[in-house]
Amino acid sequence: MQNHKPNAYRFAIGAVAAAALAGCAVLPNPFKDSDHAERSRQDAQRLAEIAEPVTAAVTLQEATARAVKYNMDYRQRLMEHVAALGQLSVGNWDLLPKLTLQAGYTSRDNDAFSFGVQPNGTVTTSPSTAVERRHTTESAVFSYNILDFGLSYYRAKQLADQSLIAEERRRRALQNLTQDVRFAWWRAESAQRLVPEVDTFLREVDLAAGRAKLIETRRLLPPIQIIAYRRSLLDLAQQITLRRQELVQAKLELAALMSLRPGAQYEVAVQPLVRDVPNLTANIDALENLALINRPELREEGYRGRVTDIEHVRSQLAVLIPGAAVDFGHYKDTNKFLVNNSWEQAGLSVAFNLVKAFSLPAINRSFEAQKNVDDTRRLAVSSAVLTQTRIAAVRFGLLKNEYAVWDEALRDDQQIIKYLEAATATGLETELEIIRAGARMLLTKINRDLVYAGLQAAMGRVYHSVGLDSLPGATSGDATATIASELATRIAAFERENFSASTVPEMRAVSITAPQGVPTAAQDAFRVALQRALTLARIPLSADKAAARVETSLEMGPSTDNSQAVKMKVRLVDAAGKTLLEAEQKSVLLEPIDNLQWAALGEGAGYRVTAPLQRYLGQPAIIR
């Protein structure tokens with residue numbers, strides 16, 4: 001009878017091979033719409049549960065603490081650092097020797113008979129076998145490769161530096177986050193105060209436009225005048241609306257930084273309107289040196305250079321060190337034909353690739369080139385860091401001056417509105433002028449507050465340009481209040497060391513002598529006008545212990561054609577009697593000469609000495 005057993009084995013083997021090949025054919029398996037819907041629902045739920053709800057007005061420190069604790073971009077940097085530490089932990093296991101356990105089972109459908117060959121070359125006629133059809137094997141082998149250990153050791157050192165690089169990137173992400181929150185919070189604070197005022201003004205513009213349509217319908221004014229009026233209202237509304245959009249977006253940006261759900265309602269802690277802008281007293285050179293030491297970018301470049309050095313050592317090891325391997329193992333085989341079914345085995349092997357050794361000069365050249373790249377990149381980053389630190393200090397000074405200008409302009413706009421509202425004349429022109437002045441004042445207020453937000457950001461930029469940490473490394477598990485307190489403490493300490501409160505120096509007073517050559521009846525008008533000019537320039541007036549005095553004298557010329565020429569001399573004299581300024585002004589007075597003309601001369605005398613007095617008394621000029 002024919003034996004069909006080998007065919008059965010071949011069929012079984014073929015079936016297994018076909019199944020294995022079929023298993024290797026992987027087809028795309030896209031998610032279903034229901035899977036995407038479930039994933040989006042879970043993500044939305046997790047995002048909503050990440051941040052704790054806002055129950056009170058958010059301060060700057062609390063907003064920063066929330067961003068540090070819940071901002072997803074920053075949490076990604078934290079996870080990258082944790083992942084780098086995990087890779088280092090895995091890399092350390094590669095330093096250990098290898099202990100390999102192995103077990104196997106062998107089966108065949110017939111005996112492994114074979115013919116032997118005698119020493120004379122004659123093949124034996126009777127076959128024999130030394131292997132059972134079915135037997136098992138077991139082994140436990142301990143192996144140690146010196147070259148693998150060296151390469152693994154330096155690989156672990158590279159992973160350690162990579163974890164330090166991840167930590168520096170986390171520091172940089174934290175510094176950028178706190179800076180962004182500071183800028184966004186101050187803009188949101190301005191928006192919270194100004195948006196209601198803007199909305200009220202826009203409603204007033206709508207009412208004025210409605211009145212204009214009524215006037216046009218009743219033909220109370222010429223059409224061209226009412227159209228021009230309406231067009232002016234549209235221009236004002238457009239300007240205000242554009243700035244309103246910028247303000248509204250500020251709270252949304254802050255909410256995103258704090259990882260609040262889009263559309264979540266919250267309030268920020270409104271700050272006093274009277275704001276003291278400090279002076280930057282830090283030594284810029286000292287700040288630059290501090291930046292070169294602490295900036296995360298430079299520390300990262302240092303670690304990257306060390307990674308390059310280690311990679312060079314690893315490359316040299318792979319070329320110059322032979323692969324020496326030592327192994328020792330215990331083996332067991334159930335084959336009954338073996339005399340010894342269990343045995344121990346030890347071995348030593350050495351391998352060296354002579355051809356690869358010739359690549360060492362190329363490896364060294366490649367290392368030198370990469371080293372030059374690292375050095376050049378580090379120097380470029382150092383230059384950028386120095387520039388950023390200097391720009392941060394300069395920008396703070398520029399924004400401080402700009403804020404002073406906008407603050408002064410706001411005072412002037414408020415005075416203009418008071419004068420217009422107190423005017424007795426009423427009409428369409430007056431109403432339009434009041435609306436224009438209101439729009440100008442509102443735009444000035446928005447610009448001033450946005451500049452102040454930029455000024456606060458500039459203060460934060462000075463802090464972060466030197467690379468100082470606002471928080472210690474491990475803060476993710478701390479409460480929001482704890483993080484906020486730590487933030488406030490560290491930043492306040494830096495500001496005390498590098499900023500000082502602005503102090504306005506006490507102005508020395510100026511006296512005004514009686515004008516010479518002015519009629520007695522016009523003395524008061526002339527003197528009051530001169531005093532008003534000095535007061536507008538914020539120059540204090542006093543008759544006692546004055547640092548300087550203003551002397552005026554007038555010479556009247558002959559009368560001609562109902563007018564009279566006049567020459568006015570103004571002298572500025574210090575307390576010791578030294579003349580600081582002497583100026584002359586010629587004018588013409590019209591008959592009959594009234595107090596308004598004498599007052600105009602008095603104002604002219606005051607404006608002549610305003611700038612010299614400001615320089616002499618140490619007062620900065622007021623920009624109007």
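Inside the range 524-564, residues that are assigned to a strand (DSSP E or B) and either farther than 17 Å from Ala514 by Cα or more than 51 Å from the chain's Cα centre (by Cα) (or both) make up a count of 14. Considering each residue of the range 270-283 in turn, none proves to be outside any helix (DSSP H, G or I), closer than 25 Å to Ala65 by Cβ, polar (S, T, N, Q) and over 23 Å from the mean Cα position of the chain (by Cα).
Within the range 564-582, the set of residues being of a type in the set (Gly, Ala, Ser) and either surrounded by 14 or more Cβ atoms within 10 Å (Cβ to Cβ) or closer than 18 Å to Gln523 by Cβ (or both) comprises just one member, Ala565.
Considering only residues that are assigned to a helix (DSSP H, G or I) and more than 19 Å from Ile434 (Cα to Cα), which ones fall in the range 218-241? Steps first, please.
We begin by selecting, within the range 218-241, every residue assigned to a helix (DSSP H, G or I); these are 218, 223-241.
Residues satisfying the conditions are Arg218, Pro223, Ile224.
Residues in the range 316-336: is at least one within 30 Å of Val462 (Cα to Cα) and surrounded by 16 or more Cβ atoms within 10 Å (Cβ to Cβ)?
In the first step, residues of the range 316-336 are kept if they are within 30 Å of Val462 (Cα to Cα); the result is none.
No, the conditions are met nowhere in the range 316-336.
May I ask you to verify whether Ile446 is modelled with pLDDT of 85 or more, over 30 Å from Arg304 (Cβ atoms) and of a type outside the set (Gly, Ala, Ser)? Yes, satisfied. Can you confirm whether Ser485 is in contact (Cβ under 8 Å) with a residue 12 or more places away in the chain, surrounded by fewer than 19 Cβ atoms within 10 Å (Cβ to Cβ) and assigned to a strand (DSSP E or B)? Judged against the criteria, Ser485 is not a match. Against the criterion of being assigned to a loop (DSSP other than H, G, I, E, B) and within 30 Å of Arg182 (Cα to Cα), Ala65 does not qualify.
Going through (1) surrounded by fewer than 18 Cβ atoms within 10 Å (Cβ to Cβ); (2) farther than 30 Å from Leu287 by Cβ; (3) modelled with pLDDT of 80 or more one by one, Glu497 falls short only on (2).
For every residue, the table says whether it meets (1) over 30 Å from Ile434 (Cα atoms); (2) of a type in the set (Ser, Thr, Tyr); (3) more than 28 Å from the chain's Cα centre (by Cα).
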position	(1), (2), (3)
His312	yes, no, yes
Gly323	yes, no, yes
His330	yes, no, yes
Leu379	yes, no, no
Ser382	yes, yes, no
Tyr403	no, yes, no
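Please go through the range 310-333 and pick out each residue that is part of a helix (DSSP H, G or I) and under 15 Å from Asn353 (Cβ atoms).
Here is the first cut: in the range 310-333, the ones part of a helix (DSSP H, G or I) are 310-320.
Listed by number, the residues that qualify are Ser315, Gln316, Leu317, Ala318, Val319, Leu320.
Here are some conditions: (1) farther than 30 Å from Thr55 by Cβ; (2) crowded, with 17+ Cβ neighbours inside 10 Å. Val268 meets all but one. Which one does it not meet? Against the list (1) farther than 30 Å from Thr55 by Cβ; (2) crowded, with 17+ Cβ neighbours inside 10 Å, Val268 comes up short only on (1).
From the list Arg243, Arg261, which residue is touching a Leu at 6+ places or on another chain (Cβ under 9 Å) and at pLDDT below 80? Full working, then the answer.
Values: Arg243 fails: at pLDDT below 80.
Testing whether each residue is touching a Leu at 6+ places or on another chain (Cβ under 9 Å) and at pLDDT below 80 leaves just Arg261.
Suppose we filter Glu132, Glu80, Glu138 for residues that are at pLDDT 80 or above and either out of contact with any Ser or Thr (no Cβ under 9 Å at 6 or more places or on another chain) or part of a loop (DSSP other than H, G, I, E, B) (or both); which single one remains? Full working, then the answer.
Details: Glu80 fails: at pLDDT 80 or above; Glu138 fails: either out of contact with any Ser or Thr (no Cβ under 9 Å at 6 or more places or on another chain) or part of a loop (DSSP other than H, G, I, E, B) (or both).
None of the other options fit; the residue is Glu132.
Within the bounds of the range 113-129, is there any residue that is touching an Asp or Glu at 6+ places or on another chain (Cβ under 8 Å) and over 30 Å from Arg172 (Cα atoms)?
Initial filter on the range 113-129 (touching an Asp or Glu at 6+ places or on another chain (Cβ under 8 Å)): 129.
Now drop any that are not over 30 Å from Arg172 (Cα atoms), which leaves 129.
Scanning the range 113-129, I find at least one residue that is touching an Asp or Glu at 6+ places or on another chain (Cβ under 8 Å) and over 30 Å from Arg172 (Cα atoms), so the answer is yes.
Identify all residues within the range 454-488 that are of a type in the set (Ser, Thr, Tyr) and modelled with pLDDT under 85; write none if there are none. Answer for the range 454-488, where residues must be of a type in the set (Ser, Thr, Tyr) and modelled with pLDDT under 85: Ser470, Thr475, Ser476, Thr480, Thr482, Ser485.
Is it the case that Leu164 is under 13 Å from the mean Cα position of the chain (by Cα), assigned to a helix (DSSP H, G or I), closer than 30 Å to Gly91 by Cβ and in contact (Cβ under 8 Å) with a residue 40 or more places away in the chain?
On the way: under 13 Å from the mean Cα position of the chain (by Cα): no; assigned to a helix (DSSP H, G or I): yes; closer than 30 Å to Gly91 by Cβ: yes; in contact (Cβ under 8 Å) with a residue 40 or more places away in the chain: yes.
No.
Just one of Ala600, Ala543 is touching a residue at least 60 places away in the same chain (Cβ under 8 Å) and either in contact with a strand residue (DSSP E or B) (Cβ under 8 Å, 6 or more places away or on another chain) or surrounded by fewer than 18 Cβ atoms within 10 Å (Cβ to Cβ) (or both); which is it?
Numbers: Ala543 fails: touching a residue at least 60 places away in the same chain (Cβ under 8 Å).
When all the criteria are applied, what remains is Ala600.
Just one of the numbered conditions (1) at pLDDT 80 or above; (2) under 28 Å from Asp148 (Cα atoms) is not true of Leu95: (1).
What do you reckon, is Leu194 out of contact with any strand residue (DSSP E or B) (no Cβ under 8 Å at 6 or more places or on another chain), buried (at least 17 other Cβ atoms within 10 Å of the Cβ), part of a helix (DSSP H, G or I) and at pLDDT 85 or above? Spelling it out, Leu194 is indeed out of contact with any strand residue (DSSP E or B) (no Cβ under 8 Å at 6 or more places or on another chain), buried (at least 17 other Cβ atoms within 10 Å of the Cβ), part of a helix (DSSP H, G or I) and at pLDDT 85 or above.
Are any of the residues in the range 361-376 basic (Lys, Arg), in contact (Cβ under 8 Å) with a residue 60 or more places away in the chain and over 30 Å from Ile446 (Cα atoms)? Yes: one or more hits.
Does Leu147 satisfy the criteria of being out of contact with any helix residue (DSSP H, G or I) (no Cβ under 6 Å at 6 or more places or on another chain) and under 30 Å from Asp469 (Cβ atoms)?
Numbers: out of contact with any helix residue (DSSP H, G or I) (no Cβ under 6 Å at 6 or more places or on another chain): yes; under 30 Å from Asp469 (Cβ atoms): no.
Taking the combined requirement at face value, the residue does not satisfy it.
For the range 92-127, filtering for residues that are surrounded by 11 or more Cβ atoms within 10 Å (Cβ to Cβ), free of Cβ contacts under 8 Å to residues at least 12 places away in the same chain and assigned to a strand (DSSP E or B) leaves 0. Just to be sure before I move on: is Ala130 loosely packed, with under 15 Cβ neighbours inside 10 Å, among the hydrophobic types (A, V, I, L, M, F, W, C), farther than 30 Å from Gly323 by Cα and touching a residue at least 12 places away in the same chain (Cβ under 8 Å) in the structure I sent? Yes, satisfied.
Annotation: Ser34 fulfils all but one of (1) modelled with pLDDT of 80 or more; (2) polar (S, T, N, Q); (3) within 30 Å of Thr480 (Cβ to Cβ); the unmet one is (3).
The values are calculated or read from the model by the stated rules, or taken from the named source; none is laboratory data. The shown structure was predicted, so the numbers you read here are calculated from the model rather than taken from an experiment. Cβ coordinates were reconstructed from backbone atoms using ideal geometry, including for glycine residues, and neighbour counts include every protein chain displayed.
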